[in-house]
There are 2 protein chains.
Amino acid sequence: MPSRPTVSDETEGAILARILPLLSPSSSATLGPGDDAAVVSAPDGRFVVTTDLMVHGPDFRLAWSSPWELGWKAAATNLSDVAAMGARPTALVIALAVTSDMPVVSLEEFARGVSAAIEQLSPDCGVVGGDLSVSDTFTIAVTAFGDLEGRAPVVRSGAKVGDVVAVSGALGNAADGLSLLFRDAVDEDGRPDAARAARLRETEAERLAAQLTPSPPIADGVLAAVAGATAMLDLSDGLAKDAARVAAASGVGIDFDSATLGPDVARALGGGEDHSLFATFPPGTALPGGFRRVGTVVASPVAAVTCDAQPVDVAGWDPYAGWDGGRG
Amino acid sequence: MPSRPTVSDETEGAILARILPLLSPSSSATLGPGDDAAVVSAPDGRFVVTTDLMVHGPDFRLAWSSPWELGWKAAATNLSDVAAMGARPTALVIALAVTSDMPVVSLEEFARGVSAAIEQLSPDCGVVGGDLSVSDTFTIAVTAFGDLEGRAPVVRSGAKVGDVVAVSGALGNAADGLSLLFRDAVDEDGRPDAARAARLRETEAERLAAQLTPSPPIADGVLAAVAGATAMLDLSDGLAKDAARVAAASGVGIDFDSATLGPDVARALGGGEDHSLFATFPPGTALPGGFRRVGTVVASPVAAVTCDAQPVDVAGWDPYAGWDGGRG
């Protein structure tokens, strides 16, 4: 056995035996990993489910993200989709397709990152199952579950004219981090460069963390539902684009108040991947948790998104655009 | 717009608008695709969950499988894992990472294959959500759910000395199909070849179908549970290897009766990917559905798997072994 074994040096069973003990258990698991399927409790009689892929290249670069950071982000972003329904996260399953030359210790670090995110963001949640395959392209598939605790799910279509528009979490920080990486952590040919990324971390740790290890306000999802949120979603594609989704689904307009969006309004409206929570509340609601007012739901036959009543660009974030296939 | 648009020609939203109507709806969905997450009913108060990746290269080749067939197989194999717990399949989520040059019609065909498998094998089930990404490596991630209808899950660890060992479904047919493809559907350099695969289909449709579009006995999972099965699993890695898992988990031995395994016993014991159901039943049980007796649970301090009391090779099927990276 080599001193630093890779996935191709060990059997799937041996690798899983090293990884599974590192994954946070779920307090909702009535049967955990090891059989054909897991069994998860759903005391509400329903469960919330969301699934998401992260693909090396378009979604992350190993030159920029450590395996621990990838585990953290994969867990955090999926927990955020559960929270955005007003549900309490209960469990995750994680399927990995890894290159055969990946060191097994990298998979252990990935598992530790998953567990660290769960423990910080949603400690009752845990990993109940998964799958491990080999591939030329490192791919992470997470499916996350939540319990509604007897409440209706908070969907996109419930915003009402006069509602307060509110956000919990940062706006634009994750996009800043990615811009820094694309500017300062690439080589002369524009390819992701690990050494330059390491130097960038020395001075820009906070903005890089917003991109590489986001900390969405998971508990605020349940708080918003309990407070009567009429619509909610996870901000993954930028405030303006995601607001346009709520506007279209609800048949309303959304008008932001520029005074609430910080010094760089375009950055707050356009930057994606913050995984903050966007929600609308009936007027007069005491905003729960970290929510702050950023605008108002208005009447609009064309479901317009505006800022200070002026149209805003809702093209927003597109994970496909600009993907040049560069790896790193 | 080109006459045969690819994934790179259309937005994610436009592609999803074409695919979603082709996917079977789930009668258990209380909120379907289109929000941050779906909501699925879980009348039992628990749900069964399994996840599985299929990766182009190690798990399938586009030269051999059509998109329709891949959709069928992705659904069928995950339904089988749910059935192997004794649960009724309720819902699937499907995340796809596709190459940017994939025609959108191929994704539509994939969706039609998923729906065809569901309609034939488990018509109450359906697709409640998913994700679509681009990747250099076509990757299919399916997570499947089931309801236990108040019963205990049928796990691997419950087999008792004296139990009848039974199988529902074929043994070795899927491995035959794969052997044919590797022998007759490759070019001079051993690479998968679509034209030769097409010719092979003219004479070997049935054996290829066992590999490319398996039809696991999904309904027999619930029937086995109701009949009192003490252990059950999905036969994905070969009868002998999977029996060894039950033997180890249950602390018993399993002795097969060669007279029940057909003319080619090695093929029945060693061939993987049949997705037949393996179950153990108390002695005297009237075997339900398509189950037939193939052996007996015996006392064995080393959890031995034998045939006519002689040791058998339990190395079985290994999806990693022999993967040469050939694409096609």
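Each value in this text was obtained by applying a stated rule to the coordinates, not by laboratory testing. What you see is a predicted model; the values in this text were computed from it and never measured. We place every Cβ from the backbone using ideal geometry, glycine too, and count neighbours over all the protein chains shown.
Mean separation of Cα pairs under 8 Å and 6+ residues apart, divided by the residue count of chain B: what relative contact order is that in percent?
Relative contact order here is 23 percent.
Please list, ordered by chain and number, the residues whose modelled amide H lies under 5 Å from the amide H of B:GLY162; skip anything fewer than 5 residues away on the same chain.
Close amide H contacts, sequence-distant or interchain: B:VAL297, B:VAL298.
Taking a label point 7 Å from Cα toward Cβ, how far is A:SER100 from its twins in the other copies, in nm, shortest first?
Copy-to-copy label distances at A:SER100, shortest first: 2.8 nm.
Among DSSP bridges having both ends in chain A, what percentage is antiparallel? Round to the nearest 5.
Antiparallel: roughly 75 percent of the beta bridges in chain A.
Among the lysines, which have Cα under 29 Å from the Cα of B:LYS241 when same-chain residues fewer than 8 positions away are ignored?
B:LYS73, B:LYS160
Provide the gained length on full extension for the span B:VAL161 to B:ALA286, in nm with one decimal, where the gain is 0.36 nm per separating residue minus the Cα-Cα distance.
Fully extending the segment from B:VAL161 to B:ALA286 adds 43.2 nm.
For B:GLY150, go 7 angstrom from Cα along the Cα-to-Cβ vector, then report the distances to that same point in the other copies in nm, smallest first.
Output for B:GLY150: 2.3 nm, nearest copy listed first.
Taking the Cα centre of chain B as origin and charging only Cβ (+1 Lys, Arg; -1 Asp, Glu), how large is the dipole, in debye to the nearest 20?
680
What are the distances, in nm and sorted shortest first, from the label point of A:GLY162 to the label points of the same position in each other copy, with each label point placed 7 Å from Cα along the Cα-to-Cβ direction?
7.3
How far is helix B:194-203 tilted off the main Cα axis of chain B, in degrees rounded to 10, range 0 to 90?
Helix B:194-203 and the main axis of chain B meet at about 50 degrees.
Quick one: grab the alpha carbon gyration tensor of chain B, order the square roots of its eigenvalues as a ≥ b ≥ c, and give me rounded if a/c is under 1.5, else prolate or oblate depending on whether a/b is larger than b/c.
oblate
Is the protein assembly as shown rounded, prolate or oblate when judged by the Cα gyration tensor, a ≥ b ≥ c being the square roots of its eigenvalues, rounded requiring a/c under 1.5 and prolate requiring a/b larger than b/c?
Because a/c hits 1.5 or more and a/b exceeds b/c, the protein assembly as shown counts as prolate.
Suppose R0 equals 60 Å. What FRET efficiency, 1/(1 + (r/R0)^6) with r the Cβ-Cβ distance, do B:ARG183 and A:ARG151 give to the nearest 0.05?
After rounding, the FRET efficiency stands at 0.55.
Return the FRET efficiency for the residue pair B:GLN120, A:SER100: r is the Cβ-Cβ distance, R0 is 45 Å, and the value is rounded to the nearest 0.05. Could you put the intermediate results ahead of the total?
Working: r = 35 Å, r/R0 = 0.79.
The pair B:GLN120/A:SER100 has a calculated efficiency of 0.80.
Over the stretch B:154-257, what relative contact order in percent results from Cα pairs under 8 Å that are six or more residues apart?
For the stretch B:154-257, the relative contact order is 46 percent.
Would you mind ranking A:PHE182, B:PHE145, A:PHE138 by Cβ crowding within 10 Å, fewest neighbours first? Could you put the intermediate results ahead of the total?
Numbers: A:PHE182 13, B:PHE145 30, A:PHE138 24.
Ranking A:PHE182, B:PHE145, A:PHE138 by Cβ neighbours within 10 Å, fewest first, gives A:PHE182, A:PHE138, B:PHE145.
Tell me the label-point distance for the pair B:SER3, A:ARG4, using the 7 Å Cα-to-Cβ offset, in nm and rounded to one decimal.
About 5.3 nm separates the two model spin labels.
Let me check I've understood the local charge: for A:VAL246, count other residues with C-beta under 14 angstrom from its C-beta, Lys and Arg +1, Asp and Glu -1. What total comes out?
On the way: positive: A:ARG156, A:LYS160, A:LYS241, A:ARG245; negative: A:ASP163, A:ASP234, A:ASP237, A:ASP242, A:ASP255, B:ASP35, B:ASP36.
Once positives and negatives cancel, what remains is -3.
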